[in-house]
Amino acid sequence: MNGIKKFFTKERIILALVCFALYANILRNEYCIDDSYVTQKDNVTSQGLRSIPTLLTSFYANEKGQKYDYRPLVKISYAVEHQFFGTSAGVSHFFNIILYVICVFLFYRLIELLVLPARNSLPFFAALLFAFLPIHTEVVASLKNRDVLLCFIFTLNAVIILLKAHSENKIKLLTYVFVAINLSLALLSKYDVLPYLAILPFIIYTKYNVKMGRILLYGFGILFMMALTRFLSRQAVDIHAQTRTFHYFENPLYFNPEISVRFIALFNCLGFYVVQCAFPLKQSFYYGEESVSVTEFSMYGFLGIAVAGLLLWGLYHAWKN
């Protein structure tokens, strides 16, 4: 009981209430586009726990002549949910909010560890800003995007475990085991974990001035874990049976792989999302083709270059200090 009281501090209670206040309106929502990939009454997940063996040996998407990706955890989460609460869009939206609360809690804990030994209100206000970011709306409100929430939870948990172990100078074999398990679970949720695999050793190096030999060990360990997880995934599904039709409006870079186009898309998209974080005016509908140009620099692109410069400047000064 004391542990629960210690965990649910005033700050965490406020963060949880903010999350529910922001997203309580989605509890009235029904299913939306692409939710059929992971749930609904005619999905295999509606069979509850009995569907788990099937989910572990199935592609993430398997309909309309397409089979691709291996993300069993998101569907398993729905199978467990449906076993105990039935197939209900409202219940699924409720658990998405709970998962978002966990994401915010983990982000709060991450900032706490990153600013140690300072004790101030920065972690709370950083987590509060994170909770309010309107760009998160699609992830929380769309049931299909539960894979993003799960991936984020397992990834941040791995980072927190390693940071906490270094801050207390208690690096043990179990530390590496728990980090590897969490990163593997993140990878089985969605491939969004991949950038963090490079970020994690960098954080440890800059925060705790760890010797390069150990950083390389972390890097090789992460690569081995990723390769092992991918190998086991390919044993579960026949990778050669994978088929997917790509459309230009979904990913123009798939059809135009030129480096110059990728740089244009990079800075245009960065500028676009910076604007959306401050002025979320285009988040109530699908953007559509050419909402963000990938062939010509726009004002978004110039803003993206400026923001990238500021980020690099901040990283340089953080490195020096």
| task | Provide a single number: the residues in the range 50-66 that are open to solvent by less than 80 Å² (accessible area, probe 1.4 Å) and either touching a strand residue (DSSP E or B) at 6+ places or on another chain (Cβ under 9 Å) or not acidic (D, E) (or both). | result | 11
| remark: Subset of the range 49-73, residues in contact with an Asp or Glu (Cβ under 8 Å, 6 or more places away or on another chain) and at pLDDT 85 or above, comes to F59, Y60, R71, L73
| message | Out of everything in the range 113-132 that is open to solvent by less than 40 Å² (accessible area, probe 1.4 Å) and aliphatic (A, V, I, L, M), what residue ends up being nearest to the chain's Cα centre (by Cα)? | response | A131
| Of these, V74, V101, which one is out of contact with any strand residue (DSSP E or B) (no Cβ under 7 Å at 6 or more places or on another chain), part of a helix (DSSP H, G or I) and within 26 Å of F231 (Cβ to Cβ)? | V74
| message | Please verify whether S58 is out of contact with any Cys (no Cβ under 9 Å at 6 or more places or on another chain), farther than 28 Å from I135 by Cα and in a loop (DSSP other than H, G, I, E, B), treating the condition exactly as stated. | response | yes
| query | Restricting attention to the range 271-293, which residues are modelled with pLDDT of 80 or more and more than 24 Å from the chain's Cα centre (by Cα)? | reply | S293
| request: Specify the residue that is farthest from L73 (Cα to Cα); the eligible residues are those in the range 179-193 that are of a type in the set (A, V, I, L, M) and in contact (Cβ under 8 Å) with a residue 24 or more places away in the chain. | output: A180
| field | In the range 81-98, the residues that are outside any loop (DSSP other than H, G, I, E, B) and surrounded by fewer than 16 Cβ atoms within 10 Å (Cβ to Cβ) | value | F84, F85, G90, V91, I98
| remark: Checked the range 139-148 for anything open to solvent by 10 Å² or more (accessible area, probe 1.4 Å) and part of a helix (DSSP H, G or I); matches are V139, A141, K144, N145, V148
| Residue check: is I33 modelled with pLDDT of 95 or more and surrounded by fewer than 16 Cβ atoms within 10 Å (Cβ to Cβ)? | no
| task | Using the structure shown, decide if K41 is over 21 Å from C151 (Cα atoms), open to solvent by 20 Å² or more (accessible area, probe 1.4 Å) and without any contact (Cβ under 8 Å) to a residue 40 or more places away in the chain. | result | no
| request: Collect the residues in the range 155-174 that are within 24 Å of K190 (Cα to Cα) and touching a Leu at 6+ places or on another chain (Cβ under 9 Å), keeping them in residue-number order. | output: T155, L156, N157, A158, V159, I160, L162, L163
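The values are calculated or read from the model by the stated rules, or taken from the named source; none is laboratory data. The shown structure was predicted, so the numbers you read here are calculated from the model rather than taken from an experiment. Please note: Cβ atoms are built from the backbone with ideal geometry, for glycine as well, and neighbour counts cover all protein chains shown. Please note that ligands, DNA and RNA were not included when accessible areas were found on the heavy atoms of the full protein model with its side chains. Shrake-Rupley method; radii C 1.70, N 1.55, O 1.52, S 1.80 Å.
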